[in-house]
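Below is one structure, written out as structure tokens, with a few remarks after it.
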Amino acid sequence: MVAFGAIWIFRSIVVVVVKVTKVTIVIIVVIVVLVVVVLVVVEVVVVAVKVVVIMVVVVIMVVVLVIIITMIIVVVVVVAVVVVLLPESVRWLVCHGRKAETEKSLRAMAATNGTTLDEDAVNSLQEDASVKASRDYNFVDCVGTWKIARLSLNVWFCWFVNAFVYYGLSLNAENLSGNPYLNFCITCAAEIPAYVLCIIILKKVGRREPLVLSMLAGGLTCVLSGFTLSRGLERITIVLSVIGKFHITSSYSIIYLMSAEVFPTVIRTTGMGVAFMCARTGGILAPLILDLQWYSAPLPLYIFGGLTLFAAVLAPLLPETSGKPLAQLPEDVDYGFSLQDVLAFFTKWKNKTFGAAESSNTNKILGKPKNQEKGENNYLIEK
């Protein structure tokens, strides 16, 4: 009886083990099948994604290629139309002695305007020394004399400083506290009102005064932002940096317009080309100066502000070009103020302010009449 019970127990254990083994095998098979299915699905999805990405890239490349080809065709057509339909400059024709083409171009202009061409108009242009250049001009003529060299160097230095500070403040946005992307967007957004303001005020106020004030304000805000940065006032530093970017954008756009009006026609392209080169030099040096922040955090801002203030001190020596005809030759250029003019201005102001009082006191002591005193004061003012 005991043996029969032991056999029954052993048989039950074996049956349970067999059943558990079968269930385990089934579970393992199901898991393996699921894993295989998942791997297959993932592989299919990966392949499908790759195919979609490749198709998108191909479509983008095709679209870009079509756009480029279209732009090339448009440019070629526009250039062809301009070459065929746009008449040559009358001044260029006169300078190169093409009298027949000059007369033809002038007659076409007169017909378009509904007027008749004076027969002596071409001859008067041929004899006009301000229109006909006697020789070819080059870079040497931009610095050939002290007056034109002073003017050119001043303009080129303003270009260098404006580009230097403009790109420096733009790249420095990521070094400010807070979200670097938000800081960069705010800094760039400050340019929009600067351009709008320049459009409004340049015609009413002129060029020189807005240029000087913009660079003065930009330089001061750069120096102040460096000071606040050294004191740990991070939010004020961000505000001042944005204000500085606003002002330097204004001065950059003003010097761009003013330079084209300062240089005479015969050396305008040369002068502007050198100005662009100076601007690119400033753009190259800006990130290198920003690396100085590892030695002193506010040092780049002090450099930006100092150079801008120095350029603002030199900018009043430039001539005012608003409302004046463009110069044709270097002899026609308004060279602005020289250092002698500045000293003479302060001397005249001093004599006008203090000379009358001193002369009045002297005349009272010497007993001179008032009419003689008035005449001497006028002489001092004129002197």
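Each reported figure results from applying straightforward, stated rules to the coordinates on display, with no laboratory input. The structure presented is a predicted model; accordingly, all values stated were derived computationally and were not measured. Neighbour counts are summed over all protein chains in view; Cβ atoms, including those assigned to glycine, are modelled from backbone coordinates with ideal geometry.
Considering the range 249-325 at the alpha-carbon level, its Rg and Dmax are found to be 15.4, 50 Å.
Diagonalising the gyration tensor over the Cα atoms of the range 157-316 and scaling each eigenvalue by 5 before taking the square root yields semi-axes of 27, 17, 13 Å, largest first. Ranked for footprinting exposure by Cβ neighbours inside 10 Å, fewest first, M258, M277, M215 give M277, M258, M215.
Please report the equivalent ellipsoid semi-axes of the range 181-240, computed as sqrt(5 x eigenvalue) of the Cα gyration tensor, largest first, in whole Å.
Working: eigenvalues 139, 50, 7 Å².
Equivalent-ellipsoid dimensions as semi-axes: 26, 16, 6 Å.
Scaled against 2.2 N^0.38 Å for its residue count N, the alpha carbon radius of gyration of the range 10-86 is 2.86. Taking the inverse of the average 1/r across all pairs of different Cα atoms in the range 196-283, what Kirkwood radius in Å do you get? That comes to 14.5 Å for the range 196-283.
Where Lys and Arg each count +1 and Asp and Glu each count -1, what net charge lies around E101 among other residues with Cβ under 14 Å from its Cβ? Let's see the in-between values first.
On the way: positive: R91, R98, K99, K104, R107; negative: E88, E103.
Neighbourhood net charge equals +3.
Please work out the FRET efficiency for the pair V66 and V40, using the Cβ-Cβ distance as r and a Förster radius of 41 Å; give the result to the nearest 0.05. Each step should come with its number before you reach the end.
On the way: r = 39 Å, r/R0 = 0.94.
According to the calculation, E is roughly 0.60.
A simple rule links phi to the HN-Hα coupling: the Karplus curve 6.51 cos²θ - 1.76 cosθ + 1.60 with θ = phi - 60°, which for the range 190-207 gives 5, 6, 4, x, 5, 5, 5, 5, 5, 4, 6, 8, 5, 6, 8, 9, x, 10 Hz, with x for Gly and Pro. Charged neighbours of A297, selected by a Cβ distance under 13 Å, balance to -1 (K, R count +1; D, E count -1). Our coupling estimate for the range 55-65, obtained by passing each phi through the Karplus curve with A = 6.51, B = -1.76, C = 1.60 and θ = phi - 60°, is 5, 5, 4, 5, 5, 4, 4, 5, 4, 4, 4 Hz, Gly and Pro reported as x.
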